[in-house]
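I have placed the structure first, in the form of structure tokens, so that the comments after it can refer back to it.
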Amino acid sequence: MNEKKIVVPGDFLTSEIKKLGSNVYINNNKIYSSVIGILSESPEYISVIALNGAYTPSAGDGLICVVKQEAATGYVLEFNSPTDTYLPKSTLRRKLDVGTVIFARIANISDNDSIELDNINILPVGTIYSTSCVKVPRIIGKNESMLNILKENTQSNIVVGKNGWIWFSSKNPKLLVRALDLVVKNSQKSNLTNSVKEFLEKNKTK
């Protein structure tokens, strides 16, 4: 697998005029990186994909959340963020237990950064794999190519949250975790989907 260029904060990227994406800035008509990450560049555009970072909620994101505490009128949810969020009981048809895992979408973010959730689905008993939110696009892959390979070769049901939590139920959970670890560790490398597919085909009967 070919390595993509890794940059660190303050690295000079180019003096060419380009549209700026995420995690870059201009100083004296030169473009620099503001984070540790992977350089993504085309003739017209430049950005850096952060290798690490806390999840920042955005409207429309699908989240894996865990019930942390029950209150009189709702539930406190943990979702791989420095702050928890709150789910009113009025939005649900059934009682939730502490430890229940749900998948929900962010409907709205208020001015005080509180999150409103909708499309709430209670997930069955399973396992949560935790990683940085910046690894999620690689775990899903283009047109869900990586996700489908993981599902098919480990006989797994997988639900991916934008917050970096991944729920799964699998007939080969150890192999799935090894494959997820492989994706996370090598997320900066090219041709990763084919490499993971080869790894799974080689190891799925072991």
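The values are calculated or read from the model by the stated rules, or taken from the named source; none is laboratory data. Everything quoted here is computed from the prediction, not taken from an experiment. Every residue, glycine among them, receives a Cβ derived from its backbone with ideal geometry; neighbour counts consider all protein chains shown.
Where strands (runs of 3 or more DSSP E) fall entirely within region 12-92, those with at least 2 residues that are surrounded by 15 or more Cβ atoms within 10 Å (Cβ to Cβ) and not aliphatic (A, V, I, L, M) are at 30-33, 37-41, 62-70, 74-78, 85-88. For residue 50, the conditions (1) of a type outside the set (D, E, K, R); (2) in contact with a Lys or Arg (Cβ under 8 Å, 6 or more places away or on another chain); (3) under 30 Å from residue 16 (Cβ atoms) are fulfilled apart from (2).
In this structure, is residue 117 crowded, with 16+ Cβ neighbours inside 10 Å and not in a strand (DSSP E or B)? Before the answer, list the steps.
Values: crowded, with 16+ Cβ neighbours inside 10 Å: yes; not in a strand (DSSP E or B): no.
So residue 117 fails the test.
For (1) in the same structural domain as residue 189 (by TED's automatic domain parsing); (2) at pLDDT 90 or above; (3) of a type in the set (Ser, Thr, Tyr), each residue gets a yes or a no:
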| position | (1), (2), (3) |
| --- | --- |
| 56 | no, no, yes |
| 80 | no, no, no |
| 84 | no, no, no |
| 100 | no, yes, yes |
| 109 | no, yes, no |
| 132 | yes, no, yes |
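Considering only region 138-159, I want to know if a residue exists there that is crowded, with 19+ Cβ neighbours inside 10 Å, of a type in the set (Gly, Ala, Ser) and out of contact with any helix residue (DSSP H, G or I) (no Cβ under 7 Å at 6 or more places or on another chain). No: zero hits.
Matching residues to (1) assigned to a helix (DSSP H, G or I); (2) free of Cβ contacts under 8 Å to residues at least 24 places away in the same chain; (3) assigned by TED's automatic domain parsing to the domain that holds residue 23:
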position: 143; (1), (2), (3): yes, yes, no
position: 147; (1), (2), (3): yes, yes, no
position: 153; (1), (2), (3): yes, no, no
position: 167; (1), (2), (3): no, no, no
position: 183; (1), (2), (3): yes, no, no
position: 195; (1), (2), (3): yes, no, no
position: 198; (1), (2), (3): yes, yes, no
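Among residues belonging to region 93-106 that are surrounded by 13 or more Cβ atoms within 10 Å (Cβ to Cβ) and not polar (S, T, N, Q), point out the one that is farthest from residue 160 (Cα to Cα).
Our first condition is that a residue be surrounded by 13 or more Cβ atoms within 10 Å (Cβ to Cβ); within region 93-106, this holds for 96, 100-106.
Among the residues that remain, those that are also not polar (S, T, N, Q) are: 96, 101-106.
Values: 96: 21, 101: 12, 102: 11, 103: 9, 104: 11, 105: 12, 106: 14 Å.
In this case the residue turns out to be 96.
Determine whether region 175-197 contains at least one residue that is touching a Leu at 6+ places or on another chain (Cβ under 7 Å) and of a type in the set (Ser, Thr, Tyr). There is no residue in region 175-197 that is touching a Leu at 6+ places or on another chain (Cβ under 7 Å) and of a type in the set (Ser, Thr, Tyr).
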